[in-house]
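In what follows, a structure is listed as structure tokens, so that the remarks can point back to it.
The values are calculated or read from the model by the stated rules, or taken from the named source; none is laboratory data. As the structure is a prediction and not an experimental result, all values here were calculated from the model. Here Cβ is always computed from backbone atoms with ideal geometry, including for glycine, and neighbour counts include all displayed protein chains. Note: areas computed on protein heavy atoms with side chains; ligands, DNA, RNA excluded. Shrake-Rupley method; radii C 1.70, N 1.55, O 1.52, S 1.80 Å.
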Amino acid sequence: MEASYKSESESEAWPGTQRPGTGTVSAAVREHLRKLCLREFPCGAGSWNKSRFLPQTWRTWRELVPKEEDVVSPGEETVEALLGLVRSPHSPWALLNDSNAEDSFLRELAIRNPLMITDTFFYSYFRSLRVVDKEVTLVDKDLLKFLKLEELVLSANRIKEVDATNLPPTLKVLELYGNEISSMECLCAHPPAGLQHLGLGHNKLLGPLESLYVTADHWPNLVSLDLGFNDLTDLQSMVASLRTLRHLRLLVLQGNPLALVPYYRGLTIDSLAQLCVLDDITVSPNEKHLFRGLSLNGDLLAQEAQFVVTIGNIRGVLDTSVLDPEPGPEGPFVAYSYYVTYDFVRDEEGEAVEDTGELAEIVKPSPSSELLVEESPEEVGEDVIKDIVGGVTEEVEGSLESEVEESGESELSVISGPSTVLQTPRASAEELAKLRLRIDPRLCPSPGTVLFNTTHKPWAEVIPCGYEMQHSLRDLVPLKAFLLAGTTVTIVEEKILSWPVVLPAVDSPLSAKRGKGEKDKKGKEKDRKGQGEKEPAKQEWKVPKKKKELPKELRQDPPILQVLGRGLVILEPLLAGEPLVSTVCNFGMVRTLTSDRLTLARDSKKIKKVAKKGTWTCPVGSCRSI
């Protein structure tokens, strides 16, 4: 084989003399064809196969078929040898790994009949174009040259608007997933009348007016519609417009805020009687019967999402009190408690969240002056968190599920547990500035969320939280963003130091009189002794000494908070239609053998003290319990 070959059409322009600007669909298609090297060795026509073709001076179009010869000229390659170069995975002319069958067909066609690779061939051959993740921003008018194009896939690009007049009228499938389209209005100017599938998932469709663009006036033959993972909120208006699409059989709306309301699936199925598949789940006859008549009462259904967060138990927390020395009579007396916090989205439209009679507040960026935080050297704990949408399970710890009754409304079975909401105490700006560096940012929620926490519990091997909290939210767009981001669960240790209150000594007038009387008595006694009178015998009683009691009044220092563990709980499956999310948060282990020995030694001392104080031996040898 010769070391180099020369293409006879090397000086010719690539099919299509006008090159569109970068970022267009046509430019992406041409760039892809250029990378296939359809006019370069071993494809195309050149010195490696020139004897197969007749002189071009007197040939007609029908004579473009190459002449087959049993014996090739010296220095040329047979068709089989050239095909072997593009088919072998070890060949330097092999296709890339991400190539498809269409690319392989074009390269082999460029070897067998290289003179067919022209503009006319391309524009009449392609029935499907897939331009995915090519930084396309514009659908240009050169697409109208593809006379037989039926499928156009432009997913994962940067398209913000689509000029529908540039779409071929022969289109039956149009996919624009993962772009930046904010409204369907641009597609409705001159849509392809025969379009059967429209995919607009993972865009930025927002606003109640979007329902005006999904009617039969624009898409009379639409069979499949995918609007998933946008920001559509008005379910009833959307369903009313979709009812006009008589041929609609497949619909995807999951991932939108409107799909978070508890009656979403029931209302959609009952409103669209001809629907076969909703959110990739087949609509069964049982569902149609179950939700029958729900759409008649659609106006009475509240447009709000309902969640219940349940937190189970905490395990593996180190008992920090074993590391503290025994308190003296002057203190300090140390008390430890543990609780779990999590953040949840704040409802801008609904009423303020209430919990045990207290209003939840947004935690400001400025930290509280009453919270002192210690950095945690290690992270600890194992926490079970449970989120429930529309129901509660008793079998699984840490779960989230939804139960829809026959009426189609979500029925919540919630047992409200004791819980509190972290408040933002008022403090002066100077105090906040002093404490800003001492506040652990992990104890502050993200912007737009409220921080909730369980009740404070003392240390135990298994700390039961027993927490359930219901959240009802009407502002669904921020809720979707929150579910995508997830919630942060934190285990906090609160340490409070208490000191005895020392009351200042005050001289009362009664004590002064008593002192004066005692002096007078002593003076009289001295006079009697001087006169020789005898003092009467005095009986002395010994008052038993009382044990020193702890002071009843104690003053408490501001609590010292230490983050023992912190982790992210993924809530995105709820947005994708999953009814249940169960998570066990494992924050690592900080309990060591030394700490366990200290705990065991302290417990054994307590047992011995109780045993000694429990009985005593009398002189006659009988035992009695105190």
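Scan Asp133, Asp142, Asp98 and give me the residue that is farther than 30 Å from Trp48 by Cβ, open to solvent by 80 Å² or more (accessible area, probe 1.4 Å) and not polar (S, T, N, Q).
Numbers: Asp142 fails: open to solvent by 80 Å² or more (accessible area, probe 1.4 Å); Asp98 fails: farther than 30 Å from Trp48 by Cβ.
Unique residue meeting the criteria: Asp133.
In the range 281-289, is there at least one residue being in contact (Cβ under 8 Å) with a residue 40 or more places away in the chain and open to solvent by less than 60 Å² (accessible area, probe 1.4 Å)?
No, the range 281-289 has no match at all.
Residue check: is Leu484 within 22 Å of the chain's Cα centre (by Cα), at pLDDT 90 or above and surrounded by fewer than 15 Cβ atoms within 10 Å (Cβ to Cβ)?
Yes: the conditions hold for Leu484.
Does at least one position in the range 183-194 carry a residue that is among the hydrophobic types (A, V, I, L, M, F, W, C) and under 17 Å from Val25 (Cβ atoms)? Break it down into steps so the answer makes sense when it comes.
Applying the first criterion (among the hydrophobic types (A, V, I, L, M, F, W, C)) to the range 183-194 yields 184, 186-189, 193.
Add one more test, that the residue is under 17 Å from Val25 (Cβ atoms), and what stays is 186-187.
Yes, because at least one residue in the range 183-194 is among the hydrophobic types (A, V, I, L, M, F, W, C) and under 17 Å from Val25 (Cβ atoms).
Considering the range 290-309 alone, what residues qualify as being over 30 Å from Glu468 (Cβ atoms) and open to solvent by 60 Å² or more (accessible area, probe 1.4 Å)?
Matches in the range 290-309: Arg292, Leu296, Asp299.
Given the criteria touching a strand residue (DSSP E or B) at 6+ places or on another chain (Cβ under 6 Å), among the hydroxyl-bearing types (Ser, Thr, Tyr) and surrounded by 15 or more Cβ atoms within 10 Å (Cβ to Cβ), does Tyr123 qualify?
On the way: touching a strand residue (DSSP E or B) at 6+ places or on another chain (Cβ under 6 Å): no; among the hydroxyl-bearing types (Ser, Thr, Tyr): yes; surrounded by 15 or more Cβ atoms within 10 Å (Cβ to Cβ): yes.
So Tyr123 fails the test.
Is it the case, given these coordinates, that Leu54 is at pLDDT 80 or above and aliphatic (A, V, I, L, M)? Full working, then the answer.
On the way: at pLDDT 80 or above: no; aliphatic (A, V, I, L, M): yes.
No, not satisfied.
Have a look at Asp163, Asp226, Asp231, Asp217 and point out the one that is touching a His at 6+ places or on another chain (Cβ under 9 Å), surrounded by fewer than 20 Cβ atoms within 10 Å (Cβ to Cβ) and of a type outside the set (Phe, Trp, Tyr).
The unique qualifying residue is Asp163.
Filter the range 172-218 down to the residues that are under 24 Å from the mean Cα position of the chain (by Cα) and of a type in the set (Val, Ile, Thr) and list them by number.
Answer for the range 172-218, where residues must be under 24 Å from the mean Cα position of the chain (by Cα) and of a type in the set (Val, Ile, Thr): just Ile181.
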